[in-house]
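Peer 1: Sharing a structure below in structure tokens format, with a few things to ask.
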Amino acid sequence: MSWPQSTTSAPEDDHLRSLGYEPELLRRMGPFGNFAVSFSVISVLSGCMTLFGFGLLTGGPAVMMWGWVAVGLAVLLVGASLAEVTSAYPTSGGLYYMAQRLGGPRWGWTTGWLNLLGLLGGIAGIDYGAASFIAAFAGLQWGVEPTPSLILAIFAGVLVLHALLNVFAVNVVSLLNSISVWWHLLGVALIVGMLAVVPSHHQSLSWVFTHFENGTGWASPIYVSAIGLLLAGYTFCGYDASAHLSEETKDARIAAPRGIVRSIWVSLLAGFVLLAGLLFAVQDYSGTVDAAVPPAQIFLDAVGTTGAKLLLLVVIGAQLFCGSAETTAASRMIYAFSRDGALPGSAMWRRVSANGVPVPAVWVAVSVAFVLAVPSLWSATAYGAVTAVNVIGMTPSYIIPVFLRLRQGDRFVPGPWNLGRWSRPIGVVAVVWVVVLTVLVCLPQRFPVTIDAFNYAPVTLAAVLALAWVWWQMAGSKFSVPVVDDPHLAQVEALIV
């Protein structure tokens, strides 16, 4: 494995030109900032918290703890494989550009639409989760009832906040991403520390690591355990943000892949500590499961009202950091995809302001995210559907460039950050894991399967692929990803056409 300290090749803007793009965004971001974006988007204080109640029902503590470790290690392999391809092709387009260069236009088109779906679903899932926690805090502080309409209104306000930050305070956003890292790490330490010290009663070590709970209605513990892996599967999403911010990162061919890998292993460690701390502090299992926001109930039972408010504010702050970073990543994807003519209204969404920000792309990102969450007014399962949109879009799009890189074999020219002789075995395991996770995301999670309990992830996937196919037929000829000095790809495209 190659881990060079710096690159001696051409400056990053010259390398971007060699990939076919003229630099338009400003390289304000260093290696730590690039890592911070992906770490903030993964956000263990967002993913672990919002799906904690789901984990309590789908296997309970045993699956939550061991599943977190297993999924985290598998995702680390996926991230390392994706990082290798990112080092070769560091562009704002990220995954779809890699797929285009390695497999041709249809691969790039499909990957781009899947990745875009995942990013937009990610904004909706993260910010709606933040709105739910804000409503829970309001309930403790002012006795406000957290109705669906109130949560949606708060959600809209959070989206507007993140859009304004990304449009008018881009330098502040970069600073916030760096602060976010320490907020998450110190926040986990504070939460776990208070939950360890304040309560007089804690669960046993054997309970935390071996207790199994099944509230799904399915009889098979193996099936339930498999479904339970989705808590970690959902949380470990968004690390491609480092690739999407590569055109704004100094020394991107090394900093961006490092950002991907570091964000995963740091999140793996932090999330393990957080989940353990929460589970040790559970006072009333059934009461926690039945609560509107299970982690808030744990805080309330374990440290009292004042302590619960403090810890909720820590979680809310982390979720706001996470949503801001996801908005940044999604807007760069929309900008890049529009730059290559892949979206309706591309001429509008690709515009960049004088301060180097794709302003229209920011607003379209938060607008679509709001639309995705509107059904929450009528259905309690809507939030689960939104998180499914995030995973079902993100997960396949991560592995397509890795699969195409494996297919190319020795014809692939790696960048300065690469896996060396481990590239193929790690890539194969990564592909297998993503196939398994994609199947898990599509499986029914509750029995009996009703309209309210139905898993809409397969429907969402089919709808997006159908939309991508229809738009390909109508406007695929406008999809123009630059191909520079790549005779192999030219031969591939000639065969496809």
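The values are calculated or read from the model by the stated rules, or taken from the named source; none is laboratory data. Because the structure is a prediction, the values reported are computed rather than measured. With ideal geometry, Cβ positions are generated from the backbone for all residues, glycine too; neighbour counts draw on all protein chains shown.
Peer 1: Restricting the first residue to the range 265-282 and requiring it to be β-branched (V, I, T), which pairs with a second residue that is outside any helix (DSSP H, G or I) meet a Cβ separation below 7 Å and a spacing of at least six or different chains?
Peer 2: Sorted first by the residue in the range 265-282, then by its partner, the pairs are V282/Q203.
Peer 1: Can you name every residue in the range 58-80 that is of a type outside the set (A, V, I, L, M) and within 14 Å of S242 (Cβ to Cβ)? Walk me through how you get there before you give the answer.
Peer 2: The initial filter retains those residues of the range 58-80 that are of a type outside the set (A, V, I, L, M), namely 58-61, 66-68, 72, 79.
Correct list: G79 only.
Peer 1: Answer yes or no as to whether T235 is within 19 Å of T328 (Cα to Cα), touching a residue at least 24 places away in the same chain (Cβ under 8 Å) and not charged (D, E, K, R).
Peer 2: Taking the combined requirement at face value, the residue satisfies it.
Peer 1: Given the condition β-branched (V, I, T), closer than 25 Å to L274 by Cβ, in contact with a helix residue (DSSP H, G or I) (Cβ under 7 Å, 6 or more places away or on another chain) and not in a helix (DSSP H, G or I), answer yes or no: does some residue in the range 59-77 qualify? Write out each step before concluding.
Peer 2: First, the residues of the range 59-77 that are β-branched (V, I, T): 63, 69, 71, 75.
From what is left, the residues that are closer than 25 Å to L274 by Cβ are 63, 69, 71, 75.
Narrowing further to those that are in contact with a helix residue (DSSP H, G or I) (Cβ under 7 Å, 6 or more places away or on another chain): 63, 69, 71, 75.
Add one more test, that the residue is not in a helix (DSSP H, G or I), and what stays is none.
No, because not a single residue in the range 59-77 is β-branched (V, I, T), closer than 25 Å to L274 by Cβ, in contact with a helix residue (DSSP H, G or I) (Cβ under 7 Å, 6 or more places away or on another chain) and not in a helix (DSSP H, G or I).
Peer 1: In addition: If A252 passes every condition in (1) modelled with pLDDT of 95 or more; (2) buried (at least 24 other Cβ atoms within 10 Å of the Cβ); (3) within 25 Å of N355 (Cβ to Cβ) but one, which one does it miss?
Peer 2: (1)
Peer 1: Shifting gears a bit: Do the conditions hold for V282, that is, is it outside any helix (DSSP H, G or I), at pLDDT 95 or above and either of a type outside the set (K, R) or under 16 Å from V44 (Cβ atoms) (or both)? Break it down stepwise before answering.
Peer 2: Working: outside any helix (DSSP H, G or I): yes; at pLDDT 95 or above: yes; either of a type outside the set (K, R) or under 16 Å from V44 (Cβ atoms) (or both): yes.
For V282, the condition - outside any helix (DSSP H, G or I), at pLDDT 95 or above and either of a type outside the set (K, R) or under 16 Å from V44 (Cβ atoms) (or both) - is met.
Peer 1: Restricting to the range 281-302, name every residue that is under 21 Å from T147 (Cα atoms) and either polar (S, T, N, Q) or touching a Cys at 6+ places or on another chain (Cβ under 7 Å) (or both).
Peer 2: Once the filter is applied, which keeps residues that are under 21 Å from T147 (Cα atoms) and either polar (S, T, N, Q) or touching a Cys at 6+ places or on another chain (Cβ under 7 Å) (or both), the range 281-302 yields T288, Q297.
Peer 1: When you scan the range 195-218, how many residues do you find that are more than 28 Å from the chain's Cα centre (by Cα) and touching a residue at least 40 places away in the same chain (Cβ under 8 Å)? Don't jump to the end; show me each part of the working.
Peer 2: From the range 195-218, those more than 28 Å from the chain's Cα centre (by Cα) are 196-207, 210-211, 217-218; that's our starting set.
Add one more test, that the residue is touching a residue at least 40 places away in the same chain (Cβ under 8 Å), and what stays is 196, 198-199, 201-203, 207, 210-211, 217-218.
Selection size over the range 195-218: 11.
Peer 1: Something else about it: Can you tell me which residue within the range 136-162, out of those that are surrounded by 22 or more Cβ atoms within 10 Å (Cβ to Cβ), of a type in the set (A, V, I, L, M) and at pLDDT 95 or above, is nearest to G93 (Cα to Cα)?
Peer 2: Ranking the candidates gives L159 first.
Peer 1: Any residue in the range 114-128 that is part of a helix (DSSP H, G or I), in contact with a Pro (Cβ under 8 Å, 6 or more places away or on another chain) and hydrophobic (A, V, I, L, M, F, W, C)? Talk me through it step by step, then tell me what you get.
Peer 2: The initial filter retains those residues of the range 114-128 that are part of a helix (DSSP H, G or I), namely 114-128.
Subsequent filtering for residues that are in contact with a Pro (Cβ under 8 Å, 6 or more places away or on another chain) retains 114.
Okay, now just the ones that are also hydrophobic (A, V, I, L, M, F, W, C), so 114.
Yes: one or more hits.
Peer 1: Go through the range 156-194 residue by residue and tally those that are within 22 Å of the chain's Cα centre (by Cα) and in contact (Cβ under 8 Å) with a residue 60 or more places away in the chain.
Peer 2: Taking the range 156-194 as the starting set, the residues that turn out to be within 22 Å of the chain's Cα centre (by Cα) are 156-167, 170, 172-188.
Cutting the leftovers down to in contact (Cβ under 8 Å) with a residue 60 or more places away in the chain gives us 156, 158-163, 165-167, 170, 173-174, 176-181, 183-185, 187-188.
Selection size over the range 156-194: 24.
Peer 1: Further question on the same structure: Taking interchain pairs and intrachain pairs at least six residues apart, which have beta carbon atoms under 8 angstrom, with the first residue in the range 397-413 and part of a helix (DSSP H, G or I) and the second basic (K, R) and surrounded by fewer than 21 Cβ atoms within 10 Å (Cβ to Cβ)?
Peer 2: Partner pairs satisfying both residue conditions: L406/R424.
Peer 1: Mind listing whichever residues of the range 419-461 are polar (S, T, N, Q) and more than 19 Å from the chain's Cα centre (by Cα)? Quick ask: steps written out before the conclusion?
Peer 2: Of the range 419-461, the ones polar (S, T, N, Q) are 423, 438, 445, 450, 455, 460.
Within the range 419-461, S423, Q445, T450, N455 meet the criteria.
Peer 1: Here's a follow-up. Please go through the range 443-457 and give me each residue that is surrounded by fewer than 18 Cβ atoms within 10 Å (Cβ to Cβ) and part of a helix (DSSP H, G or I), ordered by number.
Peer 2: Within the range 443-457, none qualify.
Peer 1: Taking the options A468, A475, name whichever one is touching a Ser or Thr at 6+ places or on another chain (Cβ under 8 Å) and either surrounded by 14 or more Cβ atoms within 10 Å (Cβ to Cβ) or not small (G, A, S) (or both).
Peer 2: On the way: A475 fails: touching a Ser or Thr at 6+ places or on another chain (Cβ under 8 Å).
Checking each option against the conditions leaves just A468.
Peer 1: State all residues of the range 294-324 that are closer than 23 Å to L159 by Cα and of a type in the set (V, I, T); if no residue qualifies, say none.
Peer 2: Listed by number, the residues that qualify are V314, V315, I316.
Peer 1: If I ask for residues that are more than 22 Å from the chain's Cα centre (by Cα), small (G, A, S) and assigned to a helix (DSSP H, G or I), which ones from the range 291-324 would you list?
Peer 2: A296, A302, G304, G307, A308
Peer 1: Still on this structure, please answer the following. So, S132, is that one hydroxyl-bearing (S, T, Y) and not in a helix (DSSP H, G or I) or not? Please lay out each step first, then the result.
Peer 2: On the way: hydroxyl-bearing (S, T, Y): yes; not in a helix (DSSP H, G or I): no.
No: the conditions fail for S132.
Peer 1: For D486, work out the one condition from (1) modelled with pLDDT of 65 or more; (2) out of contact with any Gly (no Cβ under 7 Å at 6 or more places or on another chain) it doesn't fulfil.
Peer 2: Against the list (1) modelled with pLDDT of 65 or more; (2) out of contact with any Gly (no Cβ under 7 Å at 6 or more places or on another chain), D486 comes up short only on (1).
Peer 1: Just to be sure I understand, how many residues within the range 63-88 are surrounded by fewer than 24 Cβ atoms within 10 Å (Cβ to Cβ) and closer than 17 Å to F337 by Cα?
Peer 2: Qualifying residue count for the region: 0.
Peer 1: Another one. Please go through the range 316-340 and pick out each residue that is more than 19 Å from G94 (Cα to Cα) and among the aromatic types (F, W, Y).
Peer 2: The answer is F321, and nothing else.
Peer 1: Could you list, in sequence order, the residues of the range 388-415 that are of a type in the set (V, I, T) and within 11 Å of V431 (Cα to Cα)? Step through it out loud before you land on a result.
Peer 2: Of all residues in the range 388-415, those of a type in the set (V, I, T) come to 389, 391-392, 395, 399-400, 402, 413.
Those that are of a type in the set (V, I, T) and within 11 Å of V431 (Cα to Cα): T395, I399, I400, V402.
Peer 1: Identify, from the list S353, S376, the residue that is in a helix (DSSP H, G or I), touching a helix residue (DSSP H, G or I) at 6+ places or on another chain (Cβ under 7 Å), among the polar types (S, T, N, Q) and surrounded by fewer than 24 Cβ atoms within 10 Å (Cβ to Cβ). I'd like the intermediate steps shown before the answer.
Peer 2: Working: S353 fails: in a helix (DSSP H, G or I).
Every option except S376 fails the conditions.
Peer 1: Report, ordered by the first and then the second residue, all pairs with beta carbons closer than 7 Å, sequence separation of six or more or different chains, a first member in the range 19-39 that is assigned to a loop (DSSP other than H, G, I, E, B), and a second member that is of a type in the set (F, W, Y) and surrounded by 18 or more Cβ atoms within 10 Å (Cβ to Cβ).
Peer 2: Qualifying pairs under 7 Å: L19/Y89.
Peer 1: Taking the range 1-44, which residues are in contact with a strand residue (DSSP E or B) (Cβ under 9 Å, 6 or more places away or on another chain), exposed (fewer than 15 other Cβ atoms within 10 Å of the Cβ) and either more than 19 Å from M98 (Cβ to Cβ) or at pLDDT 85 or above (or both)?
Peer 2: Once the filter is applied, which keeps residues that are in contact with a strand residue (DSSP E or B) (Cβ under 9 Å, 6 or more places away or on another chain), exposed (fewer than 15 other Cβ atoms within 10 Å of the Cβ) and either more than 19 Å from M98 (Cβ to Cβ) or at pLDDT 85 or above (or both), the range 1-44 yields only M1.
Peer 1: With G59, G55 as the choices, which residue is surrounded by 24 or more Cβ atoms within 10 Å (Cβ to Cβ) and over 22 Å from F133 (Cβ atoms)? If you could, list the steps in order and put the result at the bottom.
Peer 2: Details: G55 fails: over 22 Å from F133 (Cβ atoms).
Going through G59, G55 in turn, the sole match is G59.
Peer 1: Can you tell me how many residues in the range 249-277 are within 18 Å of W417 (Cα to Cα) and assigned to a helix (DSSP H, G or I)? Explain how you work it out, then say what you get.
Peer 2: At the first step, the residues of the range 249-277 found to be within 18 Å of W417 (Cα to Cα) are 249-265.
In the following step, the residues that additionally are assigned to a helix (DSSP H, G or I) were identified as 252-265.
Adding up the residues that qualify gives 14.
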